[in-house]
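Reviewing the structure listed below.
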Amino acid sequence: MIDKIVLDIKNLSVSYGDVEAVSNISLQVKEGQIVTVIGPNGAGKTTMLSAVMGLLSSKGVVNFEGVAYLSPDVEEMVAQGMNLVPEKRELFSEMSIEDNLILGAFQRHRMGRRDSAKTMDEVFALFPRLKERRNQMAGTLSGGERQMLAVGRALMAKPKLLMLDEPSLGLAPLIVREIFRIIVELKRRGVSILLVEQNARAALQVADYAYVLETGELKIEGPASELADDPRIIAAYLGLGGKHQDKLAG
Ligand code: ATP
């Protein structure tokens, strides 16, 4: 059986003025997979996600659900079932948890799908902490709760592909574990996931397939379990002395 490919990025390049931040990247996410892109600060991870989503202009082709987009448009990508949880979470801090979630279903609602109450129950089942605090202002939440809300809001759109930009950033280890447990649970429920992370150890544990991005280029790829055993990855990203900022040789 041939696995269905949800996202197929071909030769994607993104420049800021004269500086190319993402160079000729090609990657795939198959249906029901967690695919991770690991790499140090400034490697181009956020830039890549922004271009795929249509928030930045790019060169190359983004194939999503069998449709090729030469210049993706963010509204269209959301309508087609792509959703991004940005690194900065971008919540409405003066609004309650519940209202932030309702906004996540806005486009679905506009397309006539009036099932947000049921979806919200599903999100609350996944994140009981959000349910307990449903009337609390988003701006008063802890870092972990904000991340849960950002993921919950994305889920309100019932995405086929969820793209997560460094969900572990700034969170305590116990909360990171909780967030990654939820990522695995989402996969179990059939959501395909593109996970961008500096926390290579956590990402490689949950992912099916992994890519290493450094200075805008994909350097290594393979099944996540193989990369976790690769001496180059261990030395640069996983070893005792491995700091995230270290790079692969060369
Ligand atoms: P981080 O984990 O720090 O967010 P990243 O891998 O997501 O890193 P990007 O944020 O995509 O990396 O940045 C890639 C490169 O593009 C960096 O050299 C950065 O300085 C540059 N860059 C990012 N945003 C802009 C911008 N708006 N204008 C100019 N250069 C930018």
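If each residue of separation counts as 0.36 nm, what is the full-extension length gain between THR215 and ALA125 once their alpha-carbon separation is subtracted?
Values: separation 90, 0.36 × 90 = 32.40 nm, distance 3.96 nm.
Length difference between fully extended and current span is 28.4 nm.
Show that you can apply the helix-only estimate: for the chain, add -39,500 (n - 2.57) for every DSSP H stretch of four or more residues, divide by all residues, and state [θ] at 222 nm to the nearest 500. Walk me through the numbers on the way to the answer.
Details: 10 runs with 86 residues, N = 250.
Using -39500 (n - 2.57) per qualifying helix, the result is -9500 deg cm²/dmol.
By what distance, in whole Å, do the Cα atoms of the chain stretch along each of the three principal axes, largest value first?
51, 44, 41
Taking just the alpha carbons, could you work out the radius of gyration and Dmax for region 1-112, both in angstroms?
When restricted to Cα atoms, region 1-112 yields Rg and Dmax of 15.5, 49 Å.
Along the charge dipole of the chain, pointing to its positive end and built from +1/-1 on Cβ of Lys, Arg, Asp and Glu, which listed residue (PRO173, ALA235, HIS109) has its Cα farthest out?
HIS109
Hey, what D do you get for region 128-250 in µm²/s if you plug the Kirkwood alpha-carbon radius into Stokes-Einstein at 37 °C and 0.692 mPa s?
Details: Rh = 15.8 Å.
Approximately 208 µm²/s, per Stokes-Einstein.
Under a point spin-label approximation (7 Å from Cα along Cα-to-Cβ), what is the ARG110-GLU90 distance to one decimal in nm?
Rounded to a tenth, the inter-label distance reads 1.4 nm.
Taking the Cβ of PHE124 as the centre, find all other residues whose Cβ is under 10 Å away and add up their charges (Lys, Arg: +1; Asp, Glu: -1). Walk me through the numbers on the way to the answer.
On the way: positive: ARG129, LYS131, ARG134; negative: GLU98, ASP121, GLU122, GLU132.
Taking every other residue near PHE124 into account, the sum is -1.
Report the percentage of all Cα-Cα pairs in region 91-158 whose separation exceeds 20 Å, rounded to a whole percent. Don't skip to the end; give the middle numbers.
Details: 426 of 2278 pairs.
Of all Cα-Cα distances in region 91-158, 19 percent exceed 20 Å.
Between region 71-120 and region 219-241, what is the separation of their alpha carbon centroids in Å?
The distance from the Cα centre of region 71-120 to that of region 219-241 comes to 35 Å.
Which length gain, in nm to one decimal place, applies between ARG188 and ALA172 when the Cα-Cα distance is subtracted from 0.36 nm times their residue separation?
Numbers: separation 16, 0.36 × 16 = 5.76 nm, distance 2.46 nm.
Here the segment from ARG188 to ALA172 would lengthen by 3.3 nm.
Ignoring ligands, DNA and RNA, what percent of the accessible area of the chain is carbon or sulfur (1.4 Å)? Show your work: numbers first, answer last.
Details: 6170 of 12010 Å².
Answer for the chain is 51 percent, counting heavy atoms of protein chains only.
The values are calculated or read from the model by the stated rules, or taken from the named source; none is laboratory data. This one's a predicted model, so the numbers in the text were calculated from it and none came from an experiment. Note: ideal-geometry Cβ built from the backbone for every residue, glycine included; neighbour counts use all protein chains shown. Remember, those area values only see protein heavy atoms, side chains included, never the ligands or the DNA or RNA. Shrake-Rupley method; radii C 1.70, N 1.55, O 1.52, S 1.80 Å.
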